[in-house]
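Heads up, the thing below is written out as structure tokens.
The values are calculated or read from the model by the stated rules, or taken from the named source; none is laboratory data. Note that this is a predicted model, so its numbers are computed, not measured. Here the Cβ is made from the backbone with ideal geometry for all residues, glycine too, and neighbour counts use every protein chain on show. Each accessible area value is taken on the protein alone, full model and side chains, heavy atoms only, with ligands, DNA and RNA left out. Shrake-Rupley method; radii C 1.70, N 1.55, O 1.52, S 1.80 Å.
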Amino acid sequence: EVSVYCYWNGCIKYGPEGVYYEGPAPKKIIVNPKIALNRLLDEMYVLTGVDVDKQRSKVKIFGRYPSVVGHSKFQYLLLPVVNNSSLETMLEVPSKHPSVKNVELYLEVKSEGVTGPAACSSKRQKTVKVERGSRTGNIGDAAVDADMTDNISGSNAVAQVVNLAGDGSNIPPLSLSSLWLDDHDLRVGLCFKDADELKKAVDWCSIKGLQKCVVRETQKGECMFECIKWRCKWSFGAAKMEKHGLFEIIKYTGPHTCRAIEPEKSDSEFEADEIERLVRRHPTLSFSELQNWWKANIGYALETWEVRAAKEEAIKRAFGDQSFEDLPKLMSAFQSSNGLLVDWKYDLFPNPKFASFCGVFWAFPQSVQGFQHCRPLILVDTKELSGKNQLNLMIASGVDADNVYLPLAFAVTKQVSSDSWRWFLTNIRKKVTQRKGLCLISSPHPDILSVINEPGSQWKEPWAYHRFCLTHLCSQFSRLFPDHHHHTEYLVMQAGSSTHKAEFDSYIKDIKEKSPEGWKWLDQIPPHQWALAHDSGLRYGVMKIDRKSLFEVCRRSFSKVAMTGGVMLLFSEMKDAFDVSFSCSRGSLHRGDVYTENVMRKFQESLIDSGAYVVTPLERDAFKVSGPSERKYKEYKECILELNDSTCTCGKFQRKRFPCLHALAVFQKMKINPLPYVDDCYFAESYYKTYEATFSPVPEMSAWPEASGVPTLFPP
Ligand SMILES: [Zn+2]
Ligand SMILES: [Zn+2]
């Protein structure tokens with residue numbers, strides 16, 4: 001049994017022996033040392049007449065905790081009793097220190113509207129400061145103290161530390177009672193049994209104050225608490241002190257200089273607010289960089305979609321007014337940090353310091369470098385951007401080893417015309433690639449055709465081979481020759497996708513019967529520009545531009561904000577996409593993969609199908625392959641494969657530059673290594689090299705260089 005002296009209606013003071021209480025004489029109660037805090041509160045109700053149940057949140061209990069400073073000499077500390085564990089620490093005092101006969105508890109009951117004994121608090125804080133000034137109580141020394149505690153054995157202090165730790169581990173963790181702590185109660189000199197108890201108490205006071213804070217364990221036995229709002233000055237440090245083995249607050253800077261988180265605000269609003277602060281300062285941080293920042297500074301993890309939503313919202317708020325003001329600076333920041341390739345188009349005003357925006361072209365050198373390891377194929381397309389300025393986005397893309405689009409160049413223009421196509425395509429030749437023999441896939445729009453066939457164009461043979469996207473061609477066909485069931489459009493699609501000339505011819509015959517006018521139009525277009533059966537492998541089997549995938553990266557960036565904000569988001573998308581693809585490709589290279597995953601899957605699927613084929617070797621490296629095909633063309637049923645020039649009469653081998661079913665059947669049955677017959681562009685090594693270049697961080701907005709040579713731009 002322990003006798004407890006309860007003090008109330010007075011105030012806590014500090015003297016030469018540490019903390020003491022000034023006020024009416026205490027009342028004594030006898031309790032079991034294992035009593036629960038709730039039971040003790042009941043006892044106190046009887047004792048003091050304070051309706052503890054009603055005012056539970058307003059009752060605070062502090063213990064006067066003795067810390068040994070010499071032989072039978074104590075310095076008394078203030079220990080908040082916030083839960084069963086800290087209560088037990090107090091009630092154990094007489095058994096630990098026989099010279100201390102009683103436990104002293106100080107009660108504070110807040111009356112309505114008054115927060116604690118204010119008169120005392122300012123005085124006692126002053127006293128504390130004087131006292132702390134005379135000793136080396138900074139956090140660095142405290143850490144040394146703590147370390148020494150660990151090393152020295154046999155001293156009183158160590159025994160105490162060990163004891164307390166041992167006791168703590170036997171007590172099941174209890175949730176904090178609603179008893180205690182407001183922000184202004186945290187002060188230098190306050191002691192807690194251990195770091196956990198301190199954290200719980202601070203959590204509770206943060207919840208009550210509608211603030212959020214983050215804890216950093218700076219060193220063993222030492223921690224720092226900071227407000228998560230980046231401009232808020234609130235912080236404090238606590239450390240386990242050698243003298244008494246408790247966690248003592250040794251530095252405190254308060255109160256909060258931020259405003260409280262508004263209670264009606266949801267988490268996502270809070271996140272958007274915080275990310276907006278960061279984004280205004282540092283708008284080019286990628287989603288993964290923001291995620292890392294959040295984890296490090298706020299203390300918990302955000303999902304990618306949460307970061308994306310918050311950043312998009314923040315960019316919209318900060319840069320969403322479609323202004324062109326920041327765009328030249330943004331581009332020059334990308335130029336100086338990442339070597340961005342840029343070209344501007346504008347109409348100068350009479351005063352040449354100002355101009356009206358016409359277009360901007362940009363390409364990242366990372367893509368340019370990566371494209372060298374991709375097949376010689378480029379797809380171009382345009383898309384209208386939403387927003388009042390009615391701008392258009394142009395994109396050029398390559399295809400990587402895993403059959404995924406690699407964005408090469410972008411442009412935003414006032415209008416899409418032969419002029420803008422000339423400008424865009426010329427810039428690609430100047431800044432992105434000078435490769436010869438490129439295959440260019442586009443819509444069959446007359447504006448593009450006229451530019452490509454101009455004298456001096458670098459998009460004509462032998463520099464490049466112009467091919468049409470089959471989807472664009474079909475929709476143009478159905479616009480010109482409407483047919484309610486889209487039946488002829490379907491036939492055009494089938495004709496274009498056939499790999500065999502006989503199959504192509506048969507569809508053309510059908511088209512001629514169904515729509516003689518349509519057939520006439522189609523007949524004007526050289527078949528090698530739109531039909532796979534007439535392609536010599538330049539297209540790598542790529543017949544269509546998948547607009548959804550092609551514009552995916554832009555759709556995400558420009559859906560909420562046009563111009564400056566969209567370009568910022570696009571940078572993050574590119575950076576993160578490169579990171580993801582790079583780690584993917586590195587992984588597959590380390591696993592020893594020869595082909596990319598997509599290609600491997602195709603391989604495996606085809607191997608199963610090709611099992612049923614019968615292979616008959618002919619002379620030289622030719623094979624006859626017959627299979628159980630149900631297609632209507634006998635050419636598919638029985639094919640002649642020539643390994644010498646990688647051709648098959650089915651047409652797929654040479655046109656897709658990838659083994660057809662017949663070739664795979666031959667490789668399998670004849671135990672031939674397929675490697676030499678697969679184009680380099682499908683190799684895991686090419687995939688890896690495509691994404692090898694990394695994006696560099698862009699400095700904070702305040703450090704962006706001025707855009708030299710670009711006038712102040714106004715919307716078109
Ligand atoms: Zn704060
Ligand atoms: Zn074949």
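Name the helices (runs of 4 or more DSSP H) wholly inside segment 604-716 in which the number of residues that are farther than 30 Å from Leu330 by Cβ, within 16 Å of ligand 2 (Cβ to nearest atom) and within 43 Å of the chain's Cα centre (by Cα) is 1 or more.
Helices (runs of 4 or more DSSP H) meeting the threshold: 652-656, 661-669.
Assuming Ile608 fulfils every condition listed in (1) touching a residue at least 60 places away in the same chain (Cβ under 8 Å); (2) among the β-branched types (Val, Ile, Thr); (3) over 30 Å from Lys316 (Cα atoms) apart from one, which condition is it?
(1)
Quick check on my filter: what residues within segment 639-663 are of a type in the set (A, V, I, L, M) and in contact with an Asp or Glu (Cβ under 8 Å, 6 or more places away or on another chain)?
Leu643, Leu661 - these are the residues of segment 639-663 that are of a type in the set (A, V, I, L, M) and in contact with an Asp or Glu (Cβ under 8 Å, 6 or more places away or on another chain).
Show the residue pairs that are 6+ apart or on different chains and have beta-carbon atoms under 6 Å apart, the first residue being within segment 694-716 and outside the structural domain of Ser585 (by TED's automatic domain parsing) and closer than 15 Å to Leu285 by Cβ, the second being modelled with pLDDT under 90 and among the small types (Gly, Ala, Ser).
Correct list of pairs: empty, since none qualify.
Within segment 383-398, work out how many residues are open to solvent by 10 Å² or more (accessible area, probe 1.4 Å) and either of a type in the set (Phe, Trp, Tyr) or modelled with pLDDT of 95 or more (or both).
Looking only at that region, the number is 0.
Quick check on my filter: what residues within segment 382-413 are touching a helix residue (DSSP H, G or I) at 6+ places or on another chain (Cβ under 7 Å), over 26 Å from Leu713 (Cα atoms) and not in a loop (DSSP other than H, G, I, E, B)?
Once the filter is applied, which keeps residues that are touching a helix residue (DSSP H, G or I) at 6+ places or on another chain (Cβ under 7 Å), over 26 Å from Leu713 (Cα atoms) and not in a loop (DSSP other than H, G, I, E, B), segment 382-413 yields Ser397, Gly398, Tyr405, Leu406, Pro407.
Out of segment 352-409, which residues are of a type in the set (Gly, Ala, Ser) and within 23 Å of Asn338 (Cβ to Cβ)?
Gly359, Ala363, Ser367, Gly370, Ala396, Ser397, Gly398, Ala409
Go over the candidates Ala333, Ala309, Ala318 one by one and state the one that is touching a residue at least 24 places away in the same chain (Cβ under 8 Å) and crowded, with 21+ Cβ neighbours inside 10 Å.
Ala333
Going by what's in this entry, would Ala363 be described as modelled with pLDDT under 85 and open to solvent by less than 10 Å² (accessible area, probe 1.4 Å)?
No, not satisfied.
When you go through Pro674, Pro715 one by one, which is the residue that is out of contact with any Gly (no Cβ under 9 Å at 6 or more places or on another chain) and either among the small types (Gly, Ala, Ser) or within 19 Å of Tyr595 (Cβ to Cβ) (or both)?
Pro674
From Glu276, Glu289, Glu226, Glu242, grab the single residue that is part of a helix (DSSP H, G or I) and modelled with pLDDT under 85.
Of the residues listed, the single one that is part of a helix (DSSP H, G or I) and modelled with pLDDT under 85 is Glu276.
Taking the condition away from ligand 1 (no atom under 16 Å from the Cβ), modelled with pLDDT of 80 or more and among the β-branched types (Val, Ile, Thr), does Thr253 pass?
no
Which condition number does Val368 fail, the rest of (1) part of a loop (DSSP other than H, G, I, E, B); (2) closer than 27 Å to Phe468 by Cα being met?
With respect to (1) part of a loop (DSSP other than H, G, I, E, B); (2) closer than 27 Å to Phe468 by Cα, Val368 is out only on (1).
Being of a type in the set (S, T, N, Q) and crowded, with 18+ Cβ neighbours inside 10 Å is the requirement here; does Ser696 meet it?
Judged against the criteria, Ser696 is not a match.
Among the residues of segment 546-586, which ones are under 30 Å from Leu532 (Cβ atoms), assigned to a loop (DSSP other than H, G, I, E, B) and open to solvent by 10 Å² or more (accessible area, probe 1.4 Å)?
Asp546
Checking the condition within 19 Å of the chain's Cα centre (by Cα), more than 15 Å from Phe571 (Cα to Cα) and polar (S, T, N, Q), which residue from Asn292, Asn351 passes?
Answer to the check: Asn292.
When you go through Trp423, Trp463 one by one, which is the residue that is closer than 18 Å to Lys383 by Cα and among the hydrophobic types (A, V, I, L, M, F, W, C)?
One residue alone meets the criteria, Trp423.
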